[in-house]
Amino acid sequence: MRTTRRGFVRAAGAGVVGASLAPRLARGQGPAVSTGRSFDVAVVGAGAFGAWTAWHLRRAGRSVALIDAYGPGNARASSGGQTRVIRMGYGDQEVYTRWSLRSLALWRELLAKAGYPERLQISGVLWMARERDPLTTRTLETLTRLGVRHERLERAALQARWPQIELGPLTWAIHEPESGFLEAFAAVQAVAEQAIGAGVAYRQAKVLPLLDKGPLGALRTADGESVSAGTYVLACGPWLPKLCPGVLGNRIFPTRQEVFYFGVPAGDRRFASSSLPVWVDFAEEIYGIPDFKGRGFKVAPDRHGPLVDPDSLERVASPDTLARVREFVARRFPAMKDAPLVASEVCQYENTSNGDFLIDRHPALPNVWLVGGGSGHGFKHGPAVGEYVAARVADGAAVDAKFSLATKQPVQDRQVF
Ligand SMILES: Cc1cc2nc3c(=O)[nH]c(=O)nc-3n(C[C@H](O)[C@H](O)[C@H](O)COP(=O)(O)OP(=O)(O)OC[C@H]3O[C@@H](n4cnc5c(N)ncnc54)[C@H](O)[C@@H]3O)c2cc1C
C-alpha cells in the first residue's frame, strides 16, 4: 500500500483507499486512480447519504472520489451510532414510505453481498398508539394504500403477544413485521467498502469551506491539497453549515440527542431482538431498539435538544435526560426498572426546518449539490437518497420541491416524524 501525492492511499495494485479504514475496507479492489486526475464526481462525507451516493454513482459508471474528515461511520457522524431504525410508517408522508421500502431492498442486497447480512435485523417495528392518534392513524392508511405488510393489534392482542410491555394508556398499535433496525456505523462502513471495492477512490481529509462563487473548480483540503471533479456532492450531515455558511448557516439545525443502553437481567430473553420488536411511542417522543448482541436495551428520546457543534460536542449524556428515560422505562417495561445503564451515546440530528431532506444544487455554484438534512430519520433512506442524487446528477432534472433549498426555512417547525 502506498500514499499518492494527493494523499489518496493506493491498495496493492488496485483502487485508492483510506489507510485508516478497517482492513476489509482497505482491501478495496478497483481501477487505479492516477494522482493528477479529475474525477467525474467528488462526494464529501461518507455517512449514510454520501457513501450510498458514491456507490450509486460508481455503479452508473462515474469516476468518483469519496472524502471524509473522520472516516465512514465515525463516532461524531450522525451515521456513527450503534443502531438505527428502519420503518415504513411515516404518517401521510408517502414519499418516505416508498423510499424506506426501496432502501430496505438495497440495504438487504448490499449487506448480503458484502458478507454482513446480520447488519440488517428484521425484528419488526411496533407503533404504539392511544385511542385518538392522528399520526398512527395516517400511518395505517398509508401502509394499507401502498400494500406494505402490517397488522393492527388491539390492546388484548398486544398484551398477549408482548406481556413484557406495560401498556398504560396505549390501546392499539401497528406492527410492521418486515421492518427492524440496522447496525448503523458498521452498515455504513460496509457501503463504503463496497463502493471502494467497485473503484471509488477514498481519501480521509477535511475539506475547507466553499466560497459562494462559482462554478467550483476544485475542493481544497485542510492539508493544502486539492481535489477536482466535474460535479461535487456535499453530503456532510450536521457539518453542512460549516461547509456552506452563507447558504446553510441558518437552514440546518444540528441538535444534541442522547441514547441510553440498559443492561437486561442475566439470562432474560424478553428484551432481546428475537422476542421484542423495535417500538415507537411518538406521543411521548421516545423509541427503543431491543437488545442485540448483548449491547443493551436501547431507549432514546426523539425530542430535539439544544444546538451543538459536531466537531467539539462533548459526548457525555446528561443526568436529567437519563432520569426522564428511566422513569419511562420503569412505567412501560417494569421488569427493566432497576436495569443498570451499560452505555450511552450523544449524537446530533441535522434537522431542516420541517424534517424534509435537503437535496438541491447550491444556488451560486451550479456544479455543487447539497445533500443532507436527515433530521433524525435519514439513516434508513441512505440507499434511496443516493439513488435519487445519482439520477439527478446524470439527468440534470429539477428536484422535487419537497427536497429543495427554497422550502428550507430559518425557523424550525417539524412536520416529518
Ligand atoms: C441519536 C440518533 C438517532 C437516530 N435514529 C435514526 C433512526 O432510528 N433511523 C433513521 O433512519 N435515522 C436515524 N437518525 C438520523 C440518521 O442517523 C441521520 O439522518 C443520517 O445518519 C445522516 O447521514 P449523513 O450522511 O447525512 O450525515 P453523517 O452521517 O453525519 O455524515 C457526514 C460525514 O461528513 C463528514 N464531514 C463533515 N465535514 C467534512 C469536511 N469538512 N470534509 C470532509 N468530510 C466531512 C463527517 O466526518 C461525516 O462522516 C438518528 C440520528 C441520531 C443522531
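Points to keep in mind about this one:
- Segment 281-305, residues that are part of a strand (DSSP E or B) and either modelled with pLDDT under 95 or in contact with a Gly (Cβ under 8 Å, 6 or more places away or on another chain) (or both): 297, 298, 299, 300
- Checking each residue in segment 384-413 for being closer than 27 Å to residue 285 by Cβ and surrounded by 18 or more Cβ atoms within 10 Å (Cβ to Cβ) picks out 384, 385, 403, 408.
- Selection within segment 70-109 - buried (at least 22 other Cβ atoms within 10 Å of the Cβ) and of a type in the set (A, V, I, L, M): 77, 85, 86, 88, 104
- Qualifying residue in segment 345-353 (condition: under 23 Å from residue 195 (Cβ atoms), aromatic (Phe, Trp, Tyr) and either in contact with a Lys or Arg (Cβ under 9 Å, 6 or more places away or on another chain) or within 14 Å of the ligand (Cβ to nearest atom) (or both)): no
- Pairs with Cβ under 9 Å, 6+ apart, first in segment 119-146 and assigned to a helix (DSSP H, G or I), second among the basic types (Lys, Arg): 136/130; 140/152; 143/149; 146/98
- Which numbered condition residue 287 fails, given (1) among the hydroxyl-bearing types (Ser, Thr, Tyr); (2) away from the ligand (no atom under 12 Å from the Cβ); (3) closer than 20 Å to residue 345 by Cβ; (4) surrounded by 14 or more Cβ atoms within 10 Å (Cβ to Cβ): (2)
The values are calculated or read from the model by the stated rules, or taken from the named source; none is laboratory data. Note that the coordinates shown come from a computational prediction; the quantities given were computed from them, not determined experimentally. As a convention, Cβ positions derive from the backbone with ideal geometry for all residues, glycine included, and neighbour counts pool all protein chains shown.
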